[in-house]
Each structure stands twice: as C-alpha cells, then as structure tokens.
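A short write-up of the structure that comes next.
The values are calculated or read from the model by the stated rules, or taken from the named source; none is laboratory data. Only a predicted model underlies this, so the values are computations on that prediction, with no experimental measurement involved. Cβ coordinates were reconstructed from backbone atoms using ideal geometry, including for glycine residues, and neighbour counts include every protein chain displayed.
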Amino acid sequence: MGFIQKSAFRMMVITTLGLLLGYLNKGILFVLILNSEEIGLLNLLVSVGLLFSQLANLGAVNVISKFAPFFKDNQEQRQSFLSLNVFLVTVGIIIFTLITLLLNNQITFFYGEKSALFVKYFYWILPIGIANVFFLIFEAHLRSRYNNVLAVFLNDFIVRILVTLSLILYAANLINFHYLLVINCLLYFIPAFILFFYLLKTKELSFNNNRLKISRKFKKVIFNFSLFIYSNSIVGLFVLTMDALMITYFLGLKATGIYTTITFLTNAVQIPYRALFRIASPLVPQYWKEKNMVKMNELYKQVSSISLIIALFLFLLIWVNRIELFSFLPKEYNEGIYVFLFLMIGRAIDMYSGLNTVIFITSKKFKYEMIFTVILPFLVFFLNCWLIPSLGVIGAAISTSFALIVYNVGRMLFILFAYKLHPFEKKQIYVTLLFISLLGLFYFLPNFGVNKYLSLVINSTLALVLFMGIIIKLKWNKDLNEYIKNTYATFFKKGLKA
C-alpha cells in the first residue's frame, strides 16, 4: 500500500476540489440557473457522448491497460504501441461518426414527440465523444506509467471550473443557452489536447513510423483480446446511458433532468474511489505478469476495504442530511431522495467490488466476462421497461441498483472460485454493522429545532465523529490509520520547520 499512499494525497486534494466543483455545478448552479429540461438535455448529451467514445475506442483502452507492462522498459516500443492505438481509435472515430450521422431519422422517430430538444442538438454528442476517445487513450497510457495526477487534474478540475465559468456567463446574460451548450460540448477537447502535447514533449508519443517489434504469436494474443473485450464492452457499455435514454423515451427530458441530477450525487460519491482505482489498477496486470497472487490478493483486499469505508461514509453523510440538502432544490426533485437511496446501494456494492473488473479482464479467463456483461444490460433493460412506466425515475434507480448487485456479486464469486482471490475481511463486517447502526441512530435522533444550515453542520460532524472516529480509534483499517499517521507527521514536521 506504500505506492498507493505516496500518490494518494495529491489525488485526494484534486478529487476533493473536483467533487466540490462538480457539486457546485450540477448540484447547485444547474438547478438554480437552468430548468429541468435543459439540465436533462446537457446531461444526456454528455452521457451519449461518453457512449460514443466507448464504442469508437475499439477496445484500445483495455488493450493498453493489459499489455502496457510488456513495453514499459523500452521507450521506442512504448511509442509505437501508443501510436498504434491512436491510429486504431482514429479509425473508430471515423466509423462511428458516419454511423451517428445516419441515425437522424431514428432519433427523430423515438424522441421527437417528448424530447424535441434532444433531436435538435443530437449531433453535439460528436465533439464530446471524439474528445473523450483521445483523452481515454492518453489517460490509460499515463496510468500504465503510474502517472495519474495530470489527467485527473484536467478532467476532474479544469473541465469543471470551465463549466462553472460558462454557467456564470449564462447567468449574467452574456451568452444564451445555445452557446452554453456549445461551450460545454467543446471544452472536453482541452484535456485531450493538453495530454497530447504532454505525451509528445515527454517522448511517450511519436509518429516516426517505428514498427512494433513483437512476435506474431503476441500480436495474435493482443488482437484476440482486443476483439473479445471490445465485443464484450459493446454489450455492457449501454448500461452507462440506458437509464437516461429510457427515461427520456418514457417520461421526457424533464424527468431525465431530475434523474441525472441525482445520479450526479451518486457519481460524486465515487470520485475518491476512482482516484484510488486509478492508482491501484496498473498494479494488477503487473502482478499477473509476475504471477504474484499473494500481492494480488493483498491489493484486492486493501482496495475493497478502503473503498467500503469511503462508500459507506459518504452514503451516510448524504443520507443523514437528505432533508436539508433536498430543501435547496425545487419541490419536483423530492422523489430524488429515493432515487439516491436505491442508486447508492448499488454504487456501494460496485465500489466495494470494483477492482474485480481489472482483475477479470486482465486475467487468462477474461472471455468469461462476456457471461456477466450480457446479463447486465438485458436485466437493466427489462427491469426499466417494467418499472419506469409504473414507478417513474425511482423505478430506473431500483432496476440499475439490482442489476449492479447481481453483476458484481456474480463476478466476485467467479474470481473466488477461479483464482481463490477475494476481497473479504472480518473487520469489513464491523464497518457495515456500524453504518447500519448509525442509520438507525440518526433516524431516531430528535430534530434539534435549528435552521437547515446548522443542522447540516451538526449532522455532518456527528457522522464524521461517530463513523470515521470509531473506525480509526478501533483500528479497523490499518492502511487508513497508517495514512492518517503519516499525513499528520508530515504536516506536523513542516509546521515545526516553518
């Protein structure tokens, strides 16, 4: 865990700032400045744009994640490997741009009646998608080199502060909604361009036509892996946008705006976990290469244990303040309380078991991933068709959460039986029981009769002290205690020197 701890502080600072900016944008400014239909449109364009990027990358991101360790000691080979993948995604962009341009009639047919704005601005998914394709490739390469900070800073901080500035311009009537949308679609190119020039400057990327010098057998392994993982991801990635698309179809953009705003809260909870995942995931293919199953299992448990604490603490923090937080939103968002509840249950399981994704797809049994990936979208689709018409946006949250639980539990069991790897530790049960106990405690706590701002402070302080304080005091997670101890010692020493 030492390597993770060395990178964790900078990542924590950046992701915390990103989380605050994200909440300012989508949790406050979006709701105050835009109506729910406009929010739904902006969020839906981003979701479908990200879907485009996953299709157009043709599996190259996963190829880099799995095979980059084999080229890490040879700069020329690293350059050639990255250049090959850049060429591959460029072909993918051309193919899927043409497909998107041909979808106009189908989009008009399905969404023209209830979501005319989506039809009008549908093609703006292209700049979002194209920019994100290149960002994903460059970020994956840097992650394989254990260089995480720049990409995270650009994506989690710079993009969000630019969104904030565009919202301020709109609120000041300096731009209209059309230009707000255009700005928000084009700003995704900024991280991609910066990473491109950074890779050129550091000589990680070159277009000098050097061929990738690997054996024919190894080329076949890479090709087969790429083809399978891409086919697998095509089936699975629709889950990322299925909720928003189906809510837009059944209920319209207004409901989509409400749902995607609440979805942002659950995604924001995942930001600290994603930072941890970015740091830990490159170690997995390295351990496979070294056949170091002891280290692999140790990493699996460490990441899952700290992810569980992060997920449950942030879940608790938002849930005990739900009345106060939702009081800042229009009344039409009130049903979002239960959308958050059901989505967060699924997200917590997803965070706890998240490392099983990279363990699975970088293992020799990666083809079995197709079984689970096929089940997930079909399960979400049929549950959405059943629950959205009857329960509205809450139905979409229930179906997604249930599907995520089935998906992740199934993969954890497969990895357990196939490789004898598991994330379970006894103290994780203590953490979960503490979380449940505090939920019950806060439910029965009396209303202190204070205003909502003071209530937020009281509830948050109690949640922090009772949950994190008990975990730290009883040493239920040694890595967390060690990290806090080292951080405290570092600042204390700096304070004395100052």
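Do we have Ile349 as closer than 20 Å to Leu314 by Cα, in contact (Cβ under 8 Å) with a residue 60 or more places away in the chain and surrounded by fewer than 19 Cβ atoms within 10 Å (Cβ to Cβ) here? Considered against the rule, which asks whether it is closer than 20 Å to Leu314 by Cα, in contact (Cβ under 8 Å) with a residue 60 or more places away in the chain and surrounded by fewer than 19 Cβ atoms within 10 Å (Cβ to Cβ), Ile349 comes out as no.
Yes or no: Asn356 buried (at least 19 other Cβ atoms within 10 Å of the Cβ), more than 30 Å from Val431 (Cα to Cα) and either assigned by TED's automatic domain parsing to the domain that holds Val431 or within 21 Å of the chain's Cα centre (by Cα) (or both)? When the stated conditions are applied, Asn356 does not pass them.
Which of the residues belonging to region 12-46 are surrounded by fewer than 21 Cβ atoms within 10 Å (Cβ to Cβ) and of a type in the set (Gly, Ala, Ser)? Once the filter is applied, which keeps residues that are surrounded by fewer than 21 Cβ atoms within 10 Å (Cβ to Cβ) and of a type in the set (Gly, Ala, Ser), region 12-46 yields only Gly27. Is it the case that region 411-432 has a residue that's more than 21 Å from Ile262 (Cβ to Cβ), of a type in the set (Val, Ile, Thr) and surrounded by 19 or more Cβ atoms within 10 Å (Cβ to Cβ)? Yes - at least one qualifying residue is present in region 411-432.
Filtering region 349-379 to residues that are hydrophobic (A, V, I, L, M, F, W, C), modelled with pLDDT of 80 or more and closer than 24 Å to Phe218 by Cβ leaves Val358, Ile359, Phe360.
Taken together, the residues in region 237-255 that are at pLDDT below 70 and not in a helix (DSSP H, G or I) amount to 1. Enumerate the pairs (first residue in region 422-435 and in contact (Cβ under 8 Å) with a residue 12 or more places away in the chain and in a helix (DSSP H, G or I); second residue anywhere and surrounded by 15 or more Cβ atoms within 10 Å (Cβ to Cβ) and β-branched (Val, Ile, Thr)) with beta-carbon separation below 7 Å, excluding pairs fewer than 6 apart on the same chain, so at least 6 apart or on different chains. Within 7 Å, the pairs are Val431/Ile309; Val431/Ile471; Leu434/Ile470. If you go through region 42-91 and keep only what is free of Cβ contacts under 8 Å to residues at least 12 places away in the same chain and closer than 30 Å to Asn184 by Cα, you end up with Phe87, Thr90. Among the candidates Leu165, Leu82, the residue that is out of contact with any helix residue (DSSP H, G or I) (no Cβ under 6 Å at 6 or more places or on another chain) and not β-branched (Val, Ile, Thr) is uniquely Leu165. Consider region 52-85 and keep the residues that are at pLDDT 85 or above and more than 26 Å from Tyr287 (Cα to Cα). The one that is surrounded by the fewest Cβ atoms within 10 Å (Cβ to Cβ) is Leu55.
For Lys114, the conditions (1) touching a residue at least 40 places away in the same chain (Cβ under 8 Å); (2) surrounded by fewer than 21 Cβ atoms within 10 Å (Cβ to Cβ); (3) in a helix (DSSP H, G or I) all hold with the exception of (3).
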